[in-house]
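Contents: one structure, followed by commentary.
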Amino acid sequence: MVFKKMLGALGIGAPSVDTVLQNPNTRPGLALTGQVNITGGSHDVQLDQITVSLVTRVEVEAGGEDHNALAEFHRFPVSGGIHLREGQQLSLPFQFPVPWETPVTDLYGQRLHGMTMGLRTEVAIPGAIDRGDLDAVHIYPLPLQEHILEAFARLGFAFKGADLEYGRLHGVPQTLPFYQEIEYYAAPQYAGGINEVELTFVASEYGVDVVLEFDKRGGLFRPGHDSYGRYRVSHADADQVDWTAQVDTWVRQALSQRQSLIGGYGAPGGHYGGHHGGHHGGSGMGGVVAGAVGGAALGFAGGMIAGEVFDSFGGDEDSGEEFEEE
């Protein structure tokens, strides 16, 4: 993926910036590798700093209404001050560390409907900042997350959509200012008790907190209400657990509870323990797109769009509707 941008703040004859990612596919906890290529213009210029950052779209509640805003949630410096001579060519390599809590955007070569993620290059010059276009990046699930997503599909849950909510989850260690909700319609065997399920992953180097929110059905004389479950699992358990049975247990635990406060979590389904080594095994991103199980088999048919489509930002990056986390 490439973008080229003239540094408009420097006027006619300004240098150009060309950012290239070796591979736009990655996973939380890994890295995006690439380089920023700069070609000097018709005169010498001073570049104060070059930075790359991850940008996504987040739903924010303000004034009692929800609206979307761009969120820059992780920055990485590529270079400090550079005196760029006329016509000079520079290539600045970088390895951008992807935060563990970065939301999942893709599964088996398909973009999750509702998710957008881009890498933006920012060039600071004296008195101005020039922000380049956004290149699409594709964040695939960790093995543990992938197993749980597969389990929901095998149990018959139908994918509805995904979004990012600005805010924090009660009782969950969280570093990013937002969290992802992956929404499902209830599987037939649970439909008598719930309408929908929202699945949230909060990952770290040791494991994943799995948060489930169930929209419960009401009866003729009683209102419906939400119930919740939170389960902590280790990366080491990824290939050691029957996740279809485990997810079924989580759902049935929640259905047996009649609690509407988020403090009423179910019992943990696992715990962080031991070293997390090995959970990146076989995660080469060149092959992750060609998964053995197709999107339709996972319950995502009709709920996803092609990964190469990336026009969801629609130029809003210059609209001022944005908040940033340094």
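Read-outs: derived from the displayed coordinates by stated rules, not from any lab. The structure presented is a predicted model; accordingly, all values stated were derived computationally and were not measured. No Cβ is skipped: glycine too gets one built from the backbone with ideal geometry, and neighbour counts run over all protein chains shown.
Has segment 128-144 got any residue that is under 23 Å from residue 39 (Cα atoms), touching a Ser or Thr at 6+ places or on another chain (Cβ under 6 Å) and among the charged types (D, E, K, R)? There is no residue in segment 128-144 that is under 23 Å from residue 39 (Cα atoms), touching a Ser or Thr at 6+ places or on another chain (Cβ under 6 Å) and among the charged types (D, E, K, R).
Taking every residue in segment 114-143 that is farther than 18 Å from residue 68 by Cβ and pairing it with any residue that is of a type in the set (Phe, Trp, Tyr), at least 6 positions away or on another chain, the pairs with Cβ-Cβ distances below 7 Å are 132/3; 133/3; 135/3. If you go through segment 164-210 and keep only what is over 25 Å from residue 69 (Cα atoms), within 17 Å of the chain's Cα centre (by Cα) and in a strand (DSSP E or B), you end up with 207, 208, 209, 210.
Pairs are defined by a Cβ separation below 9 Å, a sequence spacing of at least 6 or placement on different chains, a first member in segment 18-34 that is under 25 Å from residue 144 (Cα atoms), and a second member that is acidic (Asp, Glu) and surrounded by fewer than 21 Cβ atoms within 10 Å (Cβ to Cβ); the pairs so defined are 29/205.
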